[in-house]
Amino acid sequence: MADSGSVEAKAQPHANLNGLGIFWLVFTLLWTFIVVSGMIFLWRRRDMAILRIRGLPLSFLSITLLHLYWGAVQTGYVWFPLAAPEIEYWIMSIYLPCGIALFHASNSRFLHVAKAQKELFASDSASIKSKRANTKSFFRRFRSLNYTRKILILVGAGMICQLLLTIFMYLISRKFHPSFGIPGTEVTGTEDIQKSQMRRGWEWWPSVFWQFFWAWIVAPYILWHARRINDTQGWRIQTIACCLSSLHATPLWLIALYVPAMSAVDNFWIPPQWIALSIMMLEIFTIFLPCWEVFRYQSLHLEALESIAQWQLKRSAGKASRSITTESTSATGSFLTAWSKGGSTKSDSTASSSGVSILTMEALEYVLERNPGPLQQFSALRDFSGENIAFLRAVAEWKSSLPPAVRDPMKIKDNEVQELVHERFNSALRIYIDFISSRDAKFQINLSSQDLKRLESVFESSARILYGEKREVDPATPFDSFPMTTKPKSSSASCHGSETGIMTGSINETEAIGNKALYWGDIPDGFDATIFYDAEASIKYLVFTNTWPKFVKDQQFHNS
């Protein structure tokens, strides 16, 4: 009896807490700490423009599900001998396909944003016009939803189907419960043989199919459409790296399960760890590449601040302000001329041949006034921040069209000019709706809460009168029915003000508003010619410290 008891005791499964098992436990905890730290780092800086566009909540949700599967697999060497194969089945059938689906849904935002920006700014007359959804048709209502909601609905439906399919296959297979199911699906043999057979077979194919589908069908599709996109935020590199890092997972998992020669490797590196390896690569490029982009952005920001400090030092050293400004704008003009002719700037730095820095606010304002087109296209097609330049151009055009009566705060309340004031207010309301409103703007510019509240106090009630309490918002398409043209067009009030502005062409405000209703109620007290002053200064500073250095360095790199 004692001998029998000792044999049974030896046959009892136990956790593999040897040296390799301890290594996998420590490695899993350490990597989890690193991943969580990276996610916290990004989340605390989620208001940065380069992170807002990525859609961190959806990315983090997908990474969380994938990391749960990764952690279970990485420590599987330790606990798999203790666990029933059913546990592994549910983990792989739920966490893996759902996490992969959410990840590629999040990653596909890259193509959507790039396409929207290209449609808006690829040509001089680009325009995106809004259409109200027809609630009588389900498909039209679905198509009218913003991109994030549509992709979440589709992925959610797929996740529900995967869950139902997982439950169905679990119920019909006698591998997991010999008492019921389809005859012929049961397993026989010793306990070890039964566990080995339970960890393979057609019951696992749906989970592997989704991984294979995303890696070998969706990923090549994304790679093909991203081949000509060259953004400055590392998004294209991240997308390509994530797509390529998933290709090996399913083939190697199948080889590890069904090729007998791999049994020696399986004793130390279990088959699901080939999938876990791809998940680890996804985490690296989804979390730590954006972290590096944040550091790079901060470096550009500091460089711009240093340029400002040097500029102020030159002024304080005795040079006349007008002379310094003239030198900067002249250098910028020469730089743009060389760029437009395809010539070389003959400089590897951010200074002109005369030693005058181009990274100055005067240089940026010169470009915005004389030739904003190249900067507009760069910000939209490569920096994915086209809304900032478009907002600056729209505000400048609005300011240039203000008649003297509207510019004067003492005359703005006179009854004789109320028609002109209403026209200018409707034009300003259009700028608020298209760029600033948190409810209506397709691509909201990044303003401080103080500036946003001030503008909301002036325009929000009027916007709600025209558009109602809710309007579908897509954060990836920046501007709704805000046409920009290169051919100047006159407005109803242009005869009362200057026709000059910083835009290459002008915005025909009657066309911009189109057939939409105009606001003819009482003008809020806070409305005047300086209503956009703080917002314009804030966005111009953001462009100066972020987009402008990238634009200058990009042109110098390609023309050197």
Residue 29 versus residue 177: modelled label distance in nm, points set 7 Å from Cα along the beta carbon direction: 3.7
Taking 0.36 nm per residue of separation and subtracting the Cα-Cα distance, what length does fully extending residue 165 through residue 265 add? 32.8 nm
Assuming R0 = 25 Å, what is the FRET efficiency of residue 296 and residue 247, from their Cβ-Cβ distance, to the nearest 0.05? 0.35
How would 301, 14, 225 line up by accessible area, probe 1.4 Å, largest first? 14, 225, 301
Heavy atoms only, 1.4 Å probe, whole protein assembly: order 47, 408 by accessible area, highest first. 47, 408
Roughly how many Å² is the accessible area per residue of segment 150-284, as a whole number, for a 1.4 Å probe? 51
With label points set 7 Å from each Cα along the Cα-to-Cβ direction at residue 554 and residue 518, the distance between them in nm comes to 3.8
Packing rank of 378-388, 522-532, 431-441, 108-118, where each peptide gets the mean count of other beta carbons within 10 Å, highest leading: 378-388, 431-441, 108-118, 522-532
With the crude spin-label approximation of a point 7 Å out along Cα→Cβ, what separation in nm comes out for residue 200 versus residue 115? 4.1
Would you please put 64-72, 28-36, 456-464 in order of how densely packed they are, using the mean number of other Cβ atoms within 10 angstrom per residue and starting with the highest? 64-72, 456-464, 28-36
Taking R0 as 45 Å, what FRET efficiency do you get between residue 192 and residue 36 from their Cβ-Cβ distance, rounded to the nearest 0.05? 0.75
Between rounded, prolate and oblate, where does segment 148-262 land on the alpha carbon gyration tensor, with a ≥ b ≥ c its root eigenvalues, rounded for a/c under 1.5, else prolate if a/b exceeds b/c? oblate
Give 453/553; 442/550; 150/195 a once-over and call out the pairs whose C-alpha atoms are over 30 Å from each other. 453/553; 150/195
Solvent-accessible ranking of 284, 50, largest area first, probe 1.4 Å: 284, 50
Report the FRET efficiency, 1/(1 + (r/R0)^6), for residue 254 and residue 15, where r is their Cβ-Cβ distance and R0 is 41 Å, rounded to 0.05. 0.90
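The values are calculated or read from the model by the stated rules, or taken from the named source; none is laboratory data. Fair warning: this is a prediction, and the values are worked out from it, not measured in the lab. Cβ: placed from backbone, ideal geometry, glycine included. Neighbour counts: every protein chain shown. Please note that ligands, DNA and RNA were not included when accessible areas were found on the heavy atoms of the full protein model with its side chains. Shrake-Rupley method; radii C 1.70, N 1.55, O 1.52, S 1.80 Å.
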